[in-house]
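Read-outs: derived from the displayed coordinates by stated rules, not from any lab. Quick caveat, the model's predicted, so the values are computed rather than measured. Cβ sites come from the backbone with ideal geometry, for glycine too, and all protein chains shown count toward neighbours.
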Amino acid sequence: MILLDRVTKKYPRSGGGSALDRISLHVDPKEFVIVIGQSGAGKTTLLRLLTREERPSTGKIIVGGIDYDKLKDKNIPLLRRKIGVVFQDFKLLPNKTVFENVAFALEIVGVSSREIKHTVPKVLEIVNLKGKENSYPRMLSGGERQRVAIARAIVRQPRILIADEPTGNLDPKHAWDVIKVLEKINRYGTTVLLTTHNQDIVNKLKRRVVTIKNGKVVSDRANAGYKS
């Protein structure tokens, strides 16, 4: 599902250092993997490479059978439909309702109104937001807003969901509400890649944990707890 083979990413202004240094990583379909590391370790660069916002300096990336070396620019939007992304800061449209925020992800790719009316309620039920369809983001808790963001990310049925610090702005209760939704989505068959600084979440989830430090994978362990 996700394969990185000796991937290095250097930025021109990084003083000659590498944001990522010969990283190799394999994630199977339907896996739930947690990526941890201090700020500046290379986690964000890794995610930007997977979504093709950045290109590697060297090495090979294959995601969902797509070899990024052969990926044409015109096909990048198609790739990104296979990868849902959730951010720490929600990125919701404040003047649109919950339903409209989620529907917008379908509208921009030309899905019919009929299909939208059929699909969006099902997705809102998955993220436990049934009954909130007509609410605006300002009327929701932080956890509810993050679940709207997750609904928007999965409404196009991506094979992979990247959750980049999705609980970073949330209190413990709402953080766990979000994590439970991610686990549910994973049970439905979506590969989940979660980055987090939350030690409690890592320790309780007992999933595979990949630790990045100074641009390198320094640990890759199944059913692991938190180690900085």
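Quick notes
- Taking other residues whose beta carbon is less than 10 angstrom from the beta carbon of residue 141, and scoring Lys, Arg as +1 and Asp, Glu as -1, yields 0.
- Sparse-neighbour loop sites [chymotrypsin sites (Phe, Trp or Tyr not before Pro); the range 100-195; at most 12 other C-beta within 10 Å; DSSP]: 188
- Counting 0.36 nm for each residue step from residue 213 to residue 66 and taking away their Cα separation leaves a gain of 50.2 nm.
- Rounded to the nearest 10 degrees, the angle from helix 113-126 to the longest Cα principal axis of the chain is 70 degrees.
- Computed over neighbours whose Cβ is under 11 Å from that of residue 98, the net charge equals +3, Lys and Arg +1, Asp and Glu -1.
- Distance between the modelled labels on residue 75 and residue 6, one decimal in nanometres: 2.4 nm (7 Å Cα→Cβ projection).
- Nearest 10 degrees, 0 to 90: helix 98-107 Cα axis against the chain principal axis: 60 degrees
- Under 21 Å of direct C-alpha separation, and excluding same-chain neighbours fewer than eight residues apart, residue 96 reaches these lysines: 117, 122, 130, 132.
- Available extension along the chain between residue 108 and residue 31 is 24.8 nm, counting 0.36 nm per residue and deducting the alpha carbon span.
- Total charge dipole magnitude, the chain, about the Cα centre, Cβ charges on Lys, Arg, Asp, Glu only, Debye to nearest 20: 300 debye
- With a simple spin-label model that places each label point 7 Å from the Cα along the Cα-to-Cβ direction, the separation between residue 130 and residue 157 comes to 2.0 nm.
- Residue 223-residue 22 pseudo-label distance in nm [points 7 Å out on the Cα-to-Cβ vector]: 3.2 nm
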